[in-house]
Amino acid sequence: MDQRNVNAAAPDSMKNNADISSLMGFSGFGKKARTFDLEAIFEQTRRTAIERSQKVIEQREAEEAGTTDRSPGASYSGLNDQSTASYRNKVSSNSDDESSDDEPVGPPLPLKTSGSGPDDGSSSDDDFIGPPLPPGYGKIDEDEDAEDDDDNPVKRIPDSHEIILHHGSKTVSALGLDPSGARLVSGGYDYDVRFWDFAGMDASLQAFRSLQPCECHHIKSLQYSVTGDVILVVAGNSQAKVLDRDGFQVLECVKGDQYIVDMANTKGHTAMLNGGCWHPKIKEEFLTCSSDGTVRTWDINNEKKHKGVFKPRSATGKKVIPTSCTYSRDGKFIAAGCQDGTIQIWDRNLNVHTKFHCRQAHIPGSETSCLTFSYTGNILASRGGDDTLKTWDIRNFRKPLNVATGLPSFFPMTDCCFSPDDKLLVTCTSVKKGDGNGKLLFFDCETFQKMYEIEVTDASIVRCLWHPKLNQIMVGTGNGLVKVYYDPVKSHRGAKLCVVKNKRKCKQAETLTQDYIITPHALPMFREARQRSTRKQLEKDRLDPLKSHKPEPPVSGPGRGGRVGTHGGTLSSFIVKNIALDKTDDSNPREAILRHAKDALENPYWVAPAYSQTQPEPVFAESESDEEEDKEPEWKKRKI
């Protein structure tokens, strides 16, 4: 094809392109893409930055020229003049040489000056970059407070706010929080177990469920499992129970044979329970102690028999009753506080001999109400019935690390617990009625000095719980209250969820003034007319022969239609009137019978015709018999 054919075909191709673009809706079909000159754009940006830098430098020079000389800033202004002049010369030289790569883009960098004191013109690398700071800068009060909070554990106690949950009128003897802190469960001497849901409660603070799982037995211990799906309930009976989160029974431990001497040969406890807790690592295992002198481990999957038996013994080898029990933080050890004042610790897998044993932990005869391990696992705290609180190092179990005395305890489940950072130890105190307020005491774990106290209420404090995730403290009192202490800043969720909700308004049931059944879609023939006036209704009833039936008058005469016309109008009344109450009969029945004797002899009808041939003639000797009766002696006469 020659050049003329190509030139002739070009307009046709352009025309075809225009037709295709109009058909497909592309406005720019066939146009070239727009190109940009990046070098020109960069050059323009560089020049704009240099101009802005010069304006900033000129403004600084004008401000420095108008200010008076001050001692703290004299060296800075002198250094600034030199640096500004050198920087201006550098910028002007850089503007002449457009090909240099070291030109600054943007505003100038701040110059190096010292924070305080005179400067000799030389700047080191350790000097502060920027204008001189005011004296004392760097010692901020907020930073000091934060450091004090880190050093002082008292400031981390969440007690600025509180809420009150009303459990009942009797002592709250058990508290339990699930690991997430969403639900609280409380039990008391009124046999009730109440469930509280922080996310579901409003400001009225009402429990969403209340039940009596152990009938008429005091609740002694409540604890959620490590996964939070089941609850261990220990009461005054011999059978512990496991409930789910909604209060339905999952497991009831078997009761042992109380006539067997060796408690290791029974399948369960035979006496009242004193305490119990879950294994911290294994979610199916829990621990109970009883007045039968044993500590038993259980598996939730096997309800017919215990898993293991530990038997505390005194120094003479006799049976001792354990009053409290717990697992160590790693679950390897089992500790029990006994009535003879001893604390005995076993290896979980070796139930014969104790691993650690302290014979004189508390006064003999006092009930050790609580044992708890620290979060590190080496320190054991014991709350004794001898009004003491002690800490022990299980690696050196002969002597207590610290002892606090003068802490009255009237309940066999008075609590103690560690703070989440293991720096404070919290315990409860009991008071007699009218003798003051029950307190929550905080001791330093190292020095064992009383760091802080909270006066809760005018009753004994029985239970305390410091949840590590919520950073909130739950307290059970002797007058049926559950108090939750929290801080809006330091605490998380929990009580903060329910205090911000308004109380729900009660929905009033709508009642109808008249109990009419309204059927709007029924046919007219089935509709009941509404009663508007009683007078019109009575007039309609008078026209109805059935509703206006006149009562029948009494029957006179012999009677008609089955009705007897005498007293009462019934057959029974007729018989009573005419037969039973007939006064014509004589009072002597013999005379009434002999009246018909002559007629019976002359005209026999019933009995005499049947015996007419065989009946002998009666012979009566009335006069002779009377004489013989008179001649008989008195002792032969028949007594009537």
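Restricting attention to the stretch 462-504, the residues being among the β-branched types (Val, Ile, Thr) and more than 12 Å from Ile163 (Cβ to Cβ) number 3.
In the set Cys464, Cys428, Cys445, Cys416, which member is of a type in the set (A, V, I, L, M, F, W, C), assigned by TED's automatic domain parsing to the domain that holds Thr376 and more than 26 Å from the chain's Cα centre (by Cα)?
Cys445
Per the listing Leu222, Leu232, the residue uniquely touching a Phe, Trp or Tyr at 6+ places or on another chain (Cβ under 7 Å), assigned to a strand (DSSP E or B) and within 22 Å of Pro412 (Cβ to Cβ) is Leu232. When you check Lys439 against the structure, is it within 20 Å of Tyr485 (Cβ to Cβ) and touching a strand residue (DSSP E or B) at 6+ places or on another chain (Cβ under 6 Å), yes or no? When the stated conditions are applied, Lys439 passes them. Scanning the stretch 442-471 for residues that are surrounded by fewer than 21 Cβ atoms within 10 Å (Cβ to Cβ), closer than 15 Å to Pro158 by Cα and of a type in the set (A, V, I, L, M) returns Met451, Ile454, Leu465. Does Cys428 satisfy being under 12 Å from Gly478 (Cα atoms) and touching a residue at least 40 places away in the same chain (Cβ under 8 Å)? Judged against the criteria, Cys428 is a match. Applying a threshold of 6 Å to beta carbon distances and a minimum spacing of six or more residues, or different chains, the list of pairs starting in the stretch 391-417 at a residue that is aliphatic (A, V, I, L, M) and ending at one that is surrounded by fewer than 15 Cβ atoms within 10 Å (Cβ to Cβ) reads Leu401/Asp393. Of everything listed in (1) surrounded by fewer than 21 Cβ atoms within 10 Å (Cβ to Cβ); (2) of a type in the set (Ser, Thr, Tyr); (3) under 20 Å from Gly275 (Cα atoms), the single unmet condition for Thr477 is (1).
Looking across Ser409, Ser382, one residue alone is over 26 Å from the mean Cα position of the chain (by Cα), buried (at least 22 other Cβ atoms within 10 Å of the Cβ) and not in a strand (DSSP E or B). It is Ser409.
Can you find a residue in the stretch 207-215 that is in contact with a Lys or Arg (Cβ under 8 Å, 6 or more places away or on another chain), in a strand (DSSP E or B) and crowded, with 21+ Cβ neighbours inside 10 Å?
Within the stretch 207-215, none of the residues are in contact with a Lys or Arg (Cβ under 8 Å, 6 or more places away or on another chain), in a strand (DSSP E or B) and crowded, with 21+ Cβ neighbours inside 10 Å.
Conditions (1) crowded, with 16+ Cβ neighbours inside 10 Å; (2) of a type outside the set (Ser, Thr, Tyr); (3) in contact (Cβ under 8 Å) with a residue 24 or more places away in the chain; (4) in the same structural domain as Gly276 (by TED's automatic domain parsing), marked per residue:
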| position | (1), (2), (3), (4) |
| --- | --- |
| Thr297 | yes, no, yes, yes |
| Asn302 | no, yes, no, yes |
| Lys311 | yes, yes, yes, yes |
| Thr316 | no, no, no, yes |
| Gln339 | yes, yes, yes, yes |
| Thr342 | yes, no, yes, yes |
| Arg359 | no, yes, yes, yes |
| Thr368 | yes, no, yes, yes |
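Condition first: modelled with pLDDT under 80 and more than 25 Å from Tyr452 (Cα to Cα). Can you find one or more residues in the stretch 139-146 that meet it? Within the stretch 139-146, one or more residues are modelled with pLDDT under 80 and more than 25 Å from Tyr452 (Cα to Cα).
Looking for something in a loop (DSSP other than H, G, I, E, B), among the aliphatic types (A, V, I, L, M) and out of contact with any helix residue (DSSP H, G or I) (no Cβ under 9 Å at 6 or more places or on another chain) - is there at least one such residue anywhere in the stretch 243-251? No, the stretch 243-251 contains no residue that is in a loop (DSSP other than H, G, I, E, B), among the aliphatic types (A, V, I, L, M) and out of contact with any helix residue (DSSP H, G or I) (no Cβ under 9 Å at 6 or more places or on another chain). Hey, can you tell me all the residues within the stretch 363-384 that are β-branched (Val, Ile, Thr) and within 11 Å of Cys338 (Cβ to Cβ)? Of everything in the stretch 363-384, just one residue is β-branched (Val, Ile, Thr) and within 11 Å of Cys338 (Cβ to Cβ), namely Thr368. Residue pairs whose Cβ atoms lie under 7 Å apart, separated by 6 or more positions or on different chains, with the first residue in the stretch 240-263 and under 30 Å from Arg209 (Cβ atoms) and the second among the acidic types (Asp, Glu) and part of a loop (DSSP other than H, G, I, E, B), are Asp244/Asp229; Arg245/Asp229; Leu251/Glu303; Glu252/Glu303; Cys253/Glu303; Val254/Glu303.
Tell me which residues, restricted to the stretch 480-502, are basic (Lys, Arg), more than 18 Å from Gly200 (Cβ to Cβ) and either surrounded by 17 or more Cβ atoms within 10 Å (Cβ to Cβ) or under 14 Å from the mean Cα position of the chain (by Cα) (or both).
Matches in the stretch 480-502: Lys483 only.
Give the residue that is farthest from Trp278 (Cα to Cα), with candidates limited to residues of the stretch 342-379 that are part of a loop (DSSP other than H, G, I, E, B) and hydrophobic (A, V, I, L, M, F, W, C). Filtering the stretch 342-379 for residues that are part of a loop (DSSP other than H, G, I, E, B) and hydrophobic (A, V, I, L, M, F, W, C), the one farthest from Trp278 (Cα to Cα) comes out as Ile363.
Look at Gln514 and say whether it is farther than 30 Å from Phe574 by Cβ, in contact with a helix residue (DSSP H, G or I) (Cβ under 8 Å, 6 or more places away or on another chain), at pLDDT below 65 and outside the structural domain of Gly200 (by TED's automatic domain parsing). The answer is no for Gln514.
The values are calculated or read from the model by the stated rules, or taken from the named source; none is laboratory data. What you see is a predicted model; the values in this text were computed from it and never measured. Reconstructed Cβ throughout: ideal geometry from the backbone, glycine too, with neighbour counts over all protein chains shown.
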